[in-house]
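The values are calculated or read from the model by the stated rules, or taken from the named source; none is laboratory data. All figures in this text were calculated on a predicted structure; none of them were measured in a lab. Positions of Cβ are backbone-derived with ideal geometry, glycine not excepted, and every protein chain shown enters the neighbour counts. Heads up: the accessible areas ignore ligands, DNA and RNA and are worked out on the full protein's heavy atoms, side chains in. Shrake-Rupley method; radii C 1.70, N 1.55, O 1.52, S 1.80 Å.
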Amino acid sequence: MFEQGKAMTPDDDSGTGDVRLVRPSLPPLADLQPYLEKIWDSRWLTNAGPLHGRLEAALCDYLGVEHLALVGNATLGLVAAMKVAESQQGMSAAGEVITTPFTFVATANAIRFAGHEPVFADIDPFTLNLSPAAVEPLITERTRAILAVHAFGVPCDVDGLEALGRKHGIPVIYDAAHAFGVRHRGQGLAAFGDYSVLSFHATKVFNTFEGGAVVCQDAAAKRRLDQFSNNGFESETEIALVGLNAKMSELHAAVGLAQLPYVGAEIKRRAEVTARYCAAFREVDGIRCICPENAEGHNYYAMPILLGEAYPLNRDQLWLRMKEAGIVTRRYFHPLVCDMEGYRDLPSGGKGRLSAARAIAERILCLPLYPDIGRADQQRVIDRIRQFGR
C-alpha cells in the first residue's frame with residue numbers, strides 16, 4: 001500500500017468571511033519541486049512519460065486494481081470506456097446507454113459524444129443511485145451499456161446492475177468520479193464493473209488539478225484505452241480504432257504523485273468533519289445525512305443532506321438563506337439532467353417518470369466540506385441550519 005503522509009495545515013480558524021463549498025487540496029510545494037525538476041531535465045512533457053507510468057503504478061497499488069489508464073479528465077474517460085467497450089464487442093452502430101438523471105451533466109454529455117443516446121432510469125431513494133429494477137425494463141436490442149454513478153461516493157447496487165449486464169450481454173460502466181479510494185465489501189470499489197471511471201478534478205478527494213483514470217479488467221482493455229487516448233494509434237502509421245487526444249500530461253502526473261501520500265490523512269479529516277455535521281443534525285427535525293458516518297471504506301467526498309417536511313424551510317429557501325449568510329451550499333443535482341436543454345425532449349425523462357429522482361432533486365443540499373475547513377466556519381454552517389430549523 002502506498003505510504004500515507006500527514007494532513008495539510010488547516011486554514012485560519014477565525015470563521016470570518018464567506019464559507020466556501022469546497023477548497024482544493026494541495027501538497028506542500030516542496031514535494032512537487034523534485035518532480036518538476038525531472039520534467040525540466042528530461043523535457044518529456046506528455047505522451048506516456050516516466051511520471052505518467054509511475055502514477056499509474058502507484059494508483060493501481062493504492063486502489064487495489066491491476067489495470068488502470070490515465071486520461072485528461074473523467075469526461076474523456078467515460079467516452080473512452082464506452083468506445084473501447086463497443087470495439088471489444090464488435091458493435092459500431094449508434095445505440096442507447098441507460099443511465100441516471102441524478103448526476104452531473106458530463107455523464108450524459110459523454111454518452112452523446114460516444115455516439116449514443118442516454119436513456120434515463122430512476123434511482124433508489126435511499127442510496128440515490130441507479131435502481132436495477134428501473135433499469136431492466138428499459139433494456140432493448142439498442143442498449144449498448146449501463147452507465148451508473150456512485151453518487152457522492154456511495155456504492156451502487158453492483159450485484160444487481162452487473163447481473164443485468166451478464167443477463168443481457170451488455171457492459172456495466174461506473175462513473176466513479178466521486179468515489180476515489182472507496183472500498184466496498186473488502187475491495188476497492190473501482191474494481192467493480194467492466195470499466196470504472198475516476199475523476200481527478202481539483203475539487204475531488206484526490207486531484208491532479210485536471211485528470212482522471214479508467215480502471216479496466218484486463219491488459220487488452222488497458223492497451224485499447226491507451227490507444228484511444230492517443231488518437232487510436234497502433235504504430236507510427238496505423239490506427240487501431242478511432243480515438244481522441246485524451247492523454248494526461250507529465251505535469252498533471254507530477255501533481256498526482258505529490259498528492260497521493262496525503263490522501264489517507266485527508267480522508268480521515270473529511271470523516272471528522274462529516275462526523276461533526278452528523279452529530280449536530282441528529283437533534284434537528286427534518287434533516288437526513290445521506291453519506292454514512294464513520295463508515296469503513298467511505299471517502300467523505302461531499303456532505304449532502306435531505307430536507308424533510310419537518311424542517312421549516314424548503315430546500316431552495318434554505319439555500320437562499322445560507323447564501324445571504326455568506327455560506328456557499330449547492331443544490332446537487334438540480335435540475336436533473338433530463339430537464340436540461342438538450343435532454344429534456346427525451347421520452348425517458350418525461351413527466352410522470354423518474355419520480356424518486358425528481359423528489360430527491362427538490363430536497364437535497366450539499367454543505368461545505370473540505371479537510372481544512374476551520375472549526376469556527378463549520379460551526380457557522382451548523383448554527384445557521386439549526387437557527388433556520390427552529
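Pairs linking a residue in the stretch 299-322 that is more than 12 Å from residue 286 (Cβ to Cβ) and touching a residue at least 24 places away in the same chain (Cβ under 8 Å) to a residue that is of a type in the set (Phe, Trp, Tyr) and open to solvent by 60 Å² or more (accessible area, probe 1.4 Å), with Cβ atoms under 8 Å and 6 or more positions apart or on different chains, are 302/332; 304/332.
Of the numbered criteria (1) closer than 27 Å to residue 344 by Cα; (2) touching a residue at least 60 places away in the same chain (Cβ under 8 Å); (3) among the β-branched types (Val, Ile, Thr); (4) crowded, with 21+ Cβ neighbours inside 10 Å, the one residue 105 fails is (4).
The single condition from (1) closer than 21 Å to residue 140 by Cβ; (2) buried (at least 24 other Cβ atoms within 10 Å of the Cβ) that residue 77 fails is (1).
Cβ-Cβ contacts under 8 Å between residues 6 or more apart (or on different chains), taken from a first residue in the stretch 362-380 that is in a strand (DSSP E or B) to a second residue that is among the small types (Gly, Ala, Ser), are listed as 366/302. Return yes or no: is residue 306 open to solvent by 20 Å² or more (accessible area, probe 1.4 Å), not in a loop (DSSP other than H, G, I, E, B) and not small (Gly, Ala, Ser)? Judged against the criteria, residue 306 is not a match.
For the stretch 374-390, a residue qualifies if it is open to solvent by 10 Å² or more (accessible area, probe 1.4 Å) and of a type in the set (A, V, I, L, M, F, W, C), and the qualifying residues are 376, 388.
Can you spot a residue in the stretch 308-318 that is out of contact with any Lys or Arg (no Cβ under 8 Å at 6 or more places or on another chain) and either within 24 Å of residue 375 (Cα to Cα) or of a type in the set (Lys, Arg) (or both)? Looking through the stretch 308-318, at least one residue is out of contact with any Lys or Arg (no Cβ under 8 Å at 6 or more places or on another chain) and either within 24 Å of residue 375 (Cα to Cα) or of a type in the set (Lys, Arg) (or both).
Here is the figure for the stretch 167-177: residues that are under 15 Å from the mean Cα position of the chain (by Cα) and surrounded by fewer than 24 Cβ atoms within 10 Å (Cβ to Cβ) total 0.
Apart from one condition, residue 303 fits all of (1) touching a helix residue (DSSP H, G or I) at 6+ places or on another chain (Cβ under 8 Å); (2) more than 13 Å from residue 277 (Cβ to Cβ); the exception is (2).
For the stretch 343-390, name all the residues that are at pLDDT 95 or above and at positive phi. 354 - this is the single residue of the stretch 343-390 that is at pLDDT 95 or above and at positive phi.
Filtered by the rule that a residue be over 30 Å from residue 118 (Cα atoms) and of a type in the set (A, V, I, L, M, F, W, C), the stretch 41-100 gives 44, 45, 48, 51, 55, 57, 58, 59, 60. Restricting attention to the stretch 286-296, the residues being part of a loop (DSSP other than H, G, I, E, B) and either touching a helix residue (DSSP H, G or I) at 6+ places or on another chain (Cβ under 8 Å) or over 19 Å from residue 184 (Cβ atoms) (or both) number 5. For the stretch 231-248, does any single residue satisfy the condition of being assigned to a helix (DSSP H, G or I) and within 16 Å of residue 53 (Cβ to Cβ)? Among the residues of the stretch 231-248, not one is assigned to a helix (DSSP H, G or I) and within 16 Å of residue 53 (Cβ to Cβ), which makes the answer no.
Selection within the stretch 186-229: residues that are farther than 16 Å from residue 73 by Cβ and among the aliphatic types (A, V, I, L, M). The member of this set that is surrounded by the fewest Cβ atoms within 10 Å (Cβ to Cβ) is 219. You will find that of 332, 277, 311, the residue that is more than 30 Å from residue 188 (Cα to Cα) and of a type in the set (Ser, Thr, Tyr) is 311 and no other. With respect to the stated conditions, residue 268 fails to be surrounded by 17 or more Cβ atoms within 10 Å (Cβ to Cβ), charged (D, E, K, R) and more than 18 Å from the chain's Cα centre (by Cα). Of all residues in the stretch 347-360, one or more are assigned to a helix (DSSP H, G or I) and closer than 30 Å to residue 272 by Cβ.
Would you call residue 343 touching a helix residue (DSSP H, G or I) at 6+ places or on another chain (Cβ under 8 Å), closer than 16 Å to residue 119 by Cβ and open to solvent by less than 20 Å² (accessible area, probe 1.4 Å)? Here the answer is yes, as residue 343 does meet what is asked. Restricting attention to the stretch 83-102, the residues that are open to solvent by 10 Å² or more (accessible area, probe 1.4 Å) and modelled with pLDDT of 95 or more total 2.
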